[in-house]
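Shown below is the structure under consideration.
The values are calculated or read from the model by the stated rules, or taken from the named source; none is laboratory data. This structure is a prediction, so every number in the text was calculated from the model and none was measured. Cβ coordinates were reconstructed from backbone atoms using ideal geometry, including for glycine residues, and neighbour counts include every protein chain displayed. Areas reflect the complete protein model, heavy atoms only, side chains present, ligands, DNA and RNA absent. Shrake-Rupley method; radii C 1.70, N 1.55, O 1.52, S 1.80 Å.
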Amino acid sequence: MASTRADVMIRPVEPADLGSWLGLVNEFRYWQDDLEALRFDDSLRPAEEPVLRLGAWTADRDLAGVAEAVLSEDGSRHEDRAMGLVGTAPAYRRQGIGTRLAEEVEGFAATNACRWVESDVRGKYLPEASRFVQRRGYIELERYRTSTQTPSSVDVSGLEALRHRLNAEGIELVAFPDIDAPRARDELYRAMMPIWRDMPHEAHVNWEDPTPEIFARGIFERPSVLLDSFFVARDGERIVGLSYLARRPDGDAEVGDTGVLRDYRRRGIARALKLMVTRYAAQHGIARVHTDNRADNAGMLAINRELGFVPGEQIVIFEKTLRP
């Protein structure tokens, strides 16, 4: 019987290949990228920081599989950890291509002295992918629930009353561009660092905070960030909460971050900020807004349901320990 296994060459992605490579990568990621976003993300990394991007091409130049591994995200270096992705086009599965690509990703992580490598799997690929990663020694680390909102269908009539109550308590809600200044950017950095660390995550997952300069670039120069949708809550001049949107390549938007400092929670600040973002999206004709939250983040999941977010597929993060 003739073999149905494809003869593929695995090699680093050339600049001319990035478009087709990213198109296949986006099949396996819920959070989409375009070339502009990819290049911007790379600009936040130190020049000496390695990145692995591989493609598996057939003799006919068909792209059969993709792989990526990085050591940082949004200018934050992971501690002892690489973030990996492996995907195989449907016509080329069960031919050993995924295994070869996974070995490259894990080898990159080991070469860079990482203790762990992790990869996220979209829910629609979970039945097949979970068997593959478990055979390679991965275990489930955490789950995220995606959800989608239609902003034009959400009732935001209670926003002004909520803003009035918060204002009486000394909490002002403003669009960040209205207060943008060096001091305000410093305040935003001081708020965002603890908000990130307070988001649910496993105790052994750690990272280095970006420098204020890299953080500012990641917000104010990132092509996808909709700066007019960036709203903050202030106690005096101290920023205590924030929420904003980023544009997706398909024309929808996604929630960049929403968070409130721990001492200011349970006062309706997060709800008010998300209502402001929702109103912005409706006024600017954004058809859908996407978000995700860790599956055990009951508080934010409840707020999302109140604001019309409809649960979608899950994203499962798998982790492999490379050395004890």
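Among what's in segment 162-174 and is part of a strand (DSSP E or B) and closer than 21 Å to Leu307 by Cβ, pick the residue that is farthest from the chain's Cα centre (by Cα).
So, considering only residues that are part of a strand (DSSP E or B) and closer than 21 Å to Leu307 by Cβ, the one farthest from the chain's Cα centre (by Cα) is Ile171.
Here is a yes/no grid of residues against (1) of a type outside the set (A, V, I, L, M); (2) touching a His at 6+ places or on another chain (Cβ under 8 Å); (3) closer than 30 Å to Pro311 by Cβ; (4) free of Cβ contacts under 8 Å to residues at least 12 places away in the same chain:
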residue	(1), (2), (3), (4)
Ala89	no, no, yes, no
Gly96	yes, no, no, no
Arg145	yes, no, yes, no
Ser152	yes, no, yes, no
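State which residue is most open to solvent (accessible area, probe 1.4 Å) when the search covers only segment 105-161 and only residues that are part of a strand (DSSP E or B) and more than 26 Å from Leu71 (Cβ to Cβ).
Arg145
Results for (1) at pLDDT 95 or above; (2) closer than 24 Å to His201 by Cβ; (3) among the hydroxyl-bearing types (Ser, Thr, Tyr); (4) out of contact with any strand residue (DSSP E or B) (no Cβ under 7 Å at 6 or more places or on another chain), shown as yes or no for each residue.
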| position | (1), (2), (3), (4) |
| --- | --- |
| Glu221 | yes, no, no, yes |
| Ser229 | yes, no, yes, no |
| Gly236 | yes, no, no, yes |
| Pro249 | no, no, no, yes |
| Leu273 | yes, yes, no, no |
| His284 | yes, no, no, yes |
| Asp296 | no, yes, no, yes |
| Leu322 | yes, yes, no, no |
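Further question: Can you report the number of residues in segment 252-291 which are open to solvent by 50 Å² or more (accessible area, probe 1.4 Å) and either charged (D, E, K, R) or touching an Asp or Glu at 6+ places or on another chain (Cβ under 6 Å) (or both)?
Residues that pass the stated criteria total 8.
Here is a follow-up. Give the number of residues within segment 51-86 that are more than 20 Å from the chain's Cα centre (by Cα) and open to solvent by less than 50 Å² (accessible area, probe 1.4 Å).
Residues that pass the stated criteria total 8.
Report, ordered by the first and then the second residue, all pairs with beta carbons closer than 7 Å, sequence separation of six or more or different chains, a first member in segment 75-87 that is closer than 19 Å to Leu54 by Cα, and a second member that is surrounded by 20 or more Cβ atoms within 10 Å (Cβ to Cβ) and of a type in the set (S, T, N, Q).
If the second residue must be surrounded by 20 or more Cβ atoms within 10 Å (Cβ to Cβ) and of a type in the set (S, T, N, Q), the pairs left are Gly84/Ser119; Leu85/Ser119; Val86/Ser119.
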